[in-house]
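Colleague: For reference, the structure I am asking about is given below.
The values are calculated or read from the model by the stated rules, or taken from the named source; none is laboratory data. Remember, it's a predicted structure, so these values are computed and weren't measured experimentally. Glycine also receives a Cβ, built like all others from the backbone with ideal geometry; neighbour counts cover every protein chain displayed. Areas reflect the complete protein model, heavy atoms only, side chains present, ligands, DNA and RNA absent. Shrake-Rupley method; radii C 1.70, N 1.55, O 1.52, S 1.80 Å.
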Amino acid sequence: MDGRTELQKVSEETMRFMRGKYKLDEIPGKYYNIDCLKFRQGKRTILSINIHEDHYDFQIIYGKAEREKFEVRLDEFPQAIQNLYKESHALPDGLWMLIRVEDLVMLEAVKQMIMIKKNPNRKSLPKTHIHMSNCGHRCDLCIHYKGKTSFSAEEMEYARACVSSVYTVPISDLPINCDGCHFPDCTVDSAHCRKRKGIDKCWACENYFTCLKTAGWPPKIHKRTITADQVTYAILPYVKGQYEN
């Protein structure tokens, strides 16, 4: 067992889903006095999540066309969601639903509701010179990699700026010095950790998804601003399989 609670798994899976399927800005805010995280495309909010200690409330607003799509599939959803939908009243700006999510079963249903709200718009990452490391990073998209990359030189400079912002590290402290996992004198912490545990790949470890040595900043519902581009260049390349469509 990896020690994560069900709510932690909900938090992490929510971010993997939203970042993997959608190119959206992540903006913190307030719902009355409750902290929330909004996923926005420009000024349009696609999803807002109210953050509580023991659960999350997912706020979804359906317009007329979205309601028609949802009603065709209504019987596919848990009874709690069916009841909530039938009891909700449409306002001039749409039908508002606040859905309590505290386990992965309910989250799976809400994922389907989000895709009714908006079709996924995240394009796959480039695969010109794809190269996977033992820690799960895409070497060809990594700002530290010295080999051939899938990003252009301009994109790589932009990626460095995004990494600097997301992880609050000065650009001057982000060296381009990695030859990849074949390099015999690798000093990366994860390499020594794998050797100590007797495993070849980081993702074989039960602590992979919560390990700062591999995942950088672990995915979780948070309270800070992260732009869609920062997700693309500073988060998606660095965890194996986490954002594959």
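Colleague: For the chain, taking Cα atoms only, what is the radius of gyration to one decimal and the Dmax to the nearest whole Å?
Modeller: According to the Cα coordinates of the chain, Rg and Dmax are 19.9, 64 Å.
Colleague: Now a separate question. In terms of the Cα gyration tensor, with a ≥ b ≥ c the square roots of its eigenvalues, is the range 1-129 rounded because a/c is under 1.5, prolate because a/b exceeds b/c, or oblate? Mind showing how you got there, number by number?
Modeller: Working: a/c = 1.39, a/b = 1.18, b/c = 1.18.
Rounded, since a/c falls under 1.5.
Colleague: What accessible area per residue comes out for the range 58-105, rounded to a whole number of Å², with a 1.4 Å probe? Display every interim value, and only then the final one.
Modeller: Values: 2990 Å² over 48 residues.
For the range 58-105, the per-residue accessible area is 62 Å².
Colleague: Within the range 92-115, name every residue whose backbone N is under 16 Å away from a label modeled 7 Å from Cα of Leu84 along the Cβ vector.
Modeller: 95-115, by backbone N distance to the label point.
Colleague: First check a/c for the range 56-126, with a ≥ b ≥ c the square roots of the eigenvalues of its C-alpha gyration tensor; if it is under 1.5, answer rounded, and if not, answer prolate when a/b is larger than b/c or oblate otherwise. Don't skip to the end; give the middle numbers.
Modeller: Working: a/c = 1.74, a/b = 1.26, b/c = 1.38.
Verdict is oblate for the range 56-126.
Colleague: Expressed as a whole percentage, what fraction of the accessible surface of the range 1-143 belongs to carbon and sulfur atoms when a 1.4 Å probe is rolled over the protein heavy atoms? All intermediate terms of the calculation are to be shown ahead of the outcome.
Modeller: Numbers: 3840 of 7460 Å².
Carbon and sulfur: 52 percent of the exposed surface of the range 1-143.
Colleague: Which FRET efficiency, nearest 0.05, do Asp75 and Lys146 yield, Cβ-Cβ r, R0 51 Å? Please list the in-between numbers first.
Modeller: Numbers: r = 55 Å, r/R0 = 1.08.
Plugging the Cβ-Cβ distance into 1/(1 + (r/R0)^6) gives 0.40.
Colleague: Could you size up the charge dipole of the range 44-130 around its Cα centre, putting +1 on the beta carbon of Lys and Arg and -1 on that of Asp and Glu, and report it in debye to the nearest 20? Before the final figure, lay out each step's value.
Modeller: On the way: 13 positive and 13 negative charges, 146 e Å.
Dipole size: approximately 700 debye.
Colleague: Give the peptides 72-85, 7-20, 148-161 in descending order of average Cβ contacts within 10 Å, highest first. Show your work: numbers first, answer last.
Modeller: On the way: 72-85: 12.8, 7-20: 19.9, 148-161: 15.4.
Result, highest mean Cβ count within 10 Å first: 7-20, 148-161, 72-85.
Colleague: Continuing with the same structure: Only helices at least 24 Å long along their axis, Cα-based, and averaging 1.0 or more on Kyte-Doolittle count here, so list those DSSP H runs from the chain.
Modeller: Details: long enough: none.
Membrane-span-like by this rule: not one helix.
Colleague: What does the helix-only formula give at 222 nm for the chain: each DSSP H stretch with n ≥ 4 adding -39500 (n - 2.57), the total divided by the residues, and the result rounded to the nearest 500 deg cm²/dmol? Don't jump to the answer; show the numbers that get you there.
Modeller: Details: 8 runs with 82 residues, N = 245.
Here the helix-only value at 222 nm equals -10000 deg cm²/dmol.
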